[in-house]
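Peer 1: Sharing a structure with you now.
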């Protein structure tokens, strides 16, 4: 295999598209008006797929590519990639962890500070000229508060590092305790929510974590507690969250992700106890370029060594 034939399954950053076109035979399936017809006629000619994590690589697509050997995904989440199907066929799956940790953690903490100190809301207040009539209401202190992290993986640990600069006490909930971490582990998400002032969601998406932050968890967080989500919209029961925000069962929420992106529930637009971002946690020039480089390097490394540079756990055999 001297030159990979690559299916491009989504739009990609310009630098990445240019370099893929230079070094591989790329077909932009994402812009094809009759993709199924193309795959029926040419699917057997392609050995690789490149896609964004938000779009993924589905089981039906994999099944239409009988000679598929490698998937390179632009993003850290792989819940929209049919990983188990890929494993069963020996297809390697590359992705882009670590290079986005700092920017995602920065965004999490930016949301946390914003929703507690109400910076976006007070900006709107100032721009509307309301300060002339009365001062802005008091807000909530961040430093020294209790931070709960759901998902103490790579990004969760960087969030904890940011929190240490604010003298915050930190506890976390994972599927399993990590004894190497210096933070207290809570085996129950409910108990973590009861304990903390701020609950940051940094867990993986997928079936296992769907609606993990439930109405019960939000009730445990309580009217003085804040929810921050920079993980996946599916991790939070969105309808329960909207009710909790409207009824002031929690103090507020800072959200970068939603269940049906780019569609944000309209009920959130009028709520001043929310800060809403359009899934931009990793959207800096530096980080997105690093992610693009890793997508490209995963394919190059596969060609040179038979293995992607950074693979989804379980998809690359030693």
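Peer 1: Quick check on residue 284: is it under 21 Å from residue 100 (Cβ atoms), touching a residue at least 12 places away in the same chain (Cβ under 8 Å) and touching a helix residue (DSSP H, G or I) at 6+ places or on another chain (Cβ under 7 Å)? Talk me through it step by step, then tell me what you get.
Peer 2: Details: under 21 Å from residue 100 (Cβ atoms): yes; touching a residue at least 12 places away in the same chain (Cβ under 8 Å): yes; touching a helix residue (DSSP H, G or I) at 6+ places or on another chain (Cβ under 7 Å): yes.
For residue 284, the condition - under 21 Å from residue 100 (Cβ atoms), touching a residue at least 12 places away in the same chain (Cβ under 8 Å) and touching a helix residue (DSSP H, G or I) at 6+ places or on another chain (Cβ under 7 Å) - is met.
Peer 1: Could you count how many residues in the stretch 1-12 are crowded, with 17+ Cβ neighbours inside 10 Å and in a loop (DSSP other than H, G, I, E, B)?
Peer 2: Looking only at that region, the number is 4.
Peer 1: Okay, moving on. For the stretch 150-167, does any single residue satisfy the condition of being assigned to a strand (DSSP E or B), closer than 13 Å to residue 105 by Cβ, assigned by TED's automatic domain parsing to the domain that holds residue 238 and touching a residue at least 24 places away in the same chain (Cβ under 8 Å)?
Peer 2: So the first thing to find is which residues in the stretch 150-167 are assigned to a strand (DSSP E or B), and the list is 150.
Next, only the ones that are closer than 13 Å to residue 105 by Cβ stay: none.
The answer is no; no qualifying residue exists.
Peer 1: Could you check how many residues of the stretch 235-249 are assigned to a helix (DSSP H, G or I) and over 21 Å from residue 188 (Cβ atoms)?
Peer 2: So the first thing to find is which residues in the stretch 235-249 are assigned to a helix (DSSP H, G or I), and the list is 235, 238-246.
From what is left, the residues that are over 21 Å from residue 188 (Cβ atoms) are 238-239, 242-243, 245-246.
The number of residues fulfilling the criteria is 6.
Peer 1: Conditions: (1) at pLDDT 95 or above; (2) over 25 Å from residue 250 (Cβ atoms); (3) over 17 Å from the mean Cα position of the chain (by Cα). Residue 176 meets all but one. Number of the miss?
Peer 2: (1)
Peer 1: Among what's in the stretch 302-312 and is assigned to a helix (DSSP H, G or I) and either touching a helix residue (DSSP H, G or I) at 6+ places or on another chain (Cβ under 8 Å) or in contact (Cβ under 8 Å) with a residue 12 or more places away in the chain (or both), pick the residue that is surrounded by the fewest Cβ atoms within 10 Å (Cβ to Cβ). Give the steps one after another, and end with the answer.
Peer 2: We begin by selecting, within the stretch 302-312, every residue assigned to a helix (DSSP H, G or I); these are 302-305.
Imposing the further condition that a residue be either touching a helix residue (DSSP H, G or I) at 6+ places or on another chain (Cβ under 8 Å) or in contact (Cβ under 8 Å) with a residue 12 or more places away in the chain (or both) reduces the set to 302-303.
Working: 302: 24, 303: 16.
Here the residue is 303.
Peer 1: Please enumerate the residues belonging to the stretch 115-142 that are in contact with a helix residue (DSSP H, G or I) (Cβ under 6 Å, 6 or more places away or on another chain) and part of a loop (DSSP other than H, G, I, E, B). Reasoning before the result, please.
Peer 2: From the stretch 115-142, those in contact with a helix residue (DSSP H, G or I) (Cβ under 6 Å, 6 or more places away or on another chain) are 120, 136, 139-140, 142; that's our starting set.
Within the stretch 115-142, 136, 139, 140, 142 qualify.
Peer 1: Residue 171 - would you say it is assigned by TED's automatic domain parsing to the domain that holds residue 269, under 22 Å from the mean Cα position of the chain (by Cα), surrounded by fewer than 18 Cβ atoms within 10 Å (Cβ to Cβ) and closer than 29 Å to residue 283 by Cα? Show your work before the answer.
Peer 2: Details: assigned by TED's automatic domain parsing to the domain that holds residue 269: yes; under 22 Å from the mean Cα position of the chain (by Cα): yes; surrounded by fewer than 18 Cβ atoms within 10 Å (Cβ to Cβ): no; closer than 29 Å to residue 283 by Cα: yes.
It is false that residue 171 is assigned by TED's automatic domain parsing to the domain that holds residue 269, under 22 Å from the mean Cα position of the chain (by Cα), surrounded by fewer than 18 Cβ atoms within 10 Å (Cβ to Cβ) and closer than 29 Å to residue 283 by Cα.
Peer 1: (1) more than 15 Å from the chain's Cα centre (by Cα); (2) exposed (fewer than 14 other Cβ atoms within 10 Å of the Cβ): which one isn't true of residue 260, the others all being true?
Peer 2: (1)
Peer 1: Consider the stretch 15-46. How many of its residues are buried (at least 17 other Cβ atoms within 10 Å of the Cβ), touching a strand residue (DSSP E or B) at 6+ places or on another chain (Cβ under 8 Å) and assigned to a helix (DSSP H, G or I)?
Peer 2: Residues meeting the conditions: 3.
Peer 1: Do you know which of the residues in the stretch 236-245 that are in contact with a helix residue (DSSP H, G or I) (Cβ under 7 Å, 6 or more places away or on another chain) and either surrounded by fewer than 23 Cβ atoms within 10 Å (Cβ to Cβ) or modelled with pLDDT under 95 (or both) is nearest to residue 149 (Cα to Cα)?
Peer 2: Step one: filter the stretch 236-245 for residues in contact with a helix residue (DSSP H, G or I) (Cβ under 7 Å, 6 or more places away or on another chain), giving 237, 240-242, 244.
Keeping just the survivors that are either surrounded by fewer than 23 Cβ atoms within 10 Å (Cβ to Cβ) or modelled with pLDDT under 95 (or both) gives 237, 240, 242.
On the way: 237: 17, 240: 20, 242: 21 Å.
Across the stretch 236-245, the extreme among qualifying residues is 237.
Peer 1: Within the stretch 59-94, which residues are in contact with a helix residue (DSSP H, G or I) (Cβ under 8 Å, 6 or more places away or on another chain) and under 16 Å from residue 306 (Cα atoms)?
Peer 2: Narrowing the stretch 59-94 to residues in contact with a helix residue (DSSP H, G or I) (Cβ under 8 Å, 6 or more places away or on another chain): 59, 61-76, 79, 82, 85-86, 89, 91-94.
Hits for the stretch 59-94 are 67, 68, 69, 70, 71, 72, 86, 89, 91, 92, 93, 94.
Peer 1: Out of the residues in the stretch 214-229 that are part of a helix (DSSP H, G or I) and touching a helix residue (DSSP H, G or I) at 6+ places or on another chain (Cβ under 6 Å), which is surrounded by the fewest Cβ atoms within 10 Å (Cβ to Cβ)? Reasoning before the result, please.
Peer 2: Initial filter on the stretch 214-229 (part of a helix (DSSP H, G or I)): 215-221.
Among the residues that remain, those that are also touching a helix residue (DSSP H, G or I) at 6+ places or on another chain (Cβ under 6 Å) are: 215, 217-218, 220-221.
Working: 215: 15, 217: 26, 218: 23, 220: 20, 221: 27.
By that ranking, first place goes to 215.
Peer 1: Out of the residues in the stretch 181-213 meeting the condition of being assigned to a helix (DSSP H, G or I) and modelled with pLDDT of 95 or more, tell me which one is nearest to residue 98 (Cα to Cα).
Peer 2: It comes out as 209.
Peer 1: Would you check which residues across the stretch 47-57 are on the phi < 0 side of the Ramachandran plot and part of a loop (DSSP other than H, G, I, E, B) and list them? Can you show your working first?
Peer 2: Quick first cut of the stretch 47-57, residues on the phi < 0 side of the Ramachandran plot only: 47-55, 57.
If the condition is that a residue be on the phi < 0 side of the Ramachandran plot and part of a loop (DSSP other than H, G, I, E, B), then 47, 53, 54, 55 are the ones that fit.
The values are calculated or read from the model by the stated rules, or taken from the named source; none is laboratory data. These numbers come from a predicted model, not from an experiment. Every residue, glycine as well, gets a Cβ built from its backbone with ideal geometry; the counts of neighbours run over all protein chains shown.
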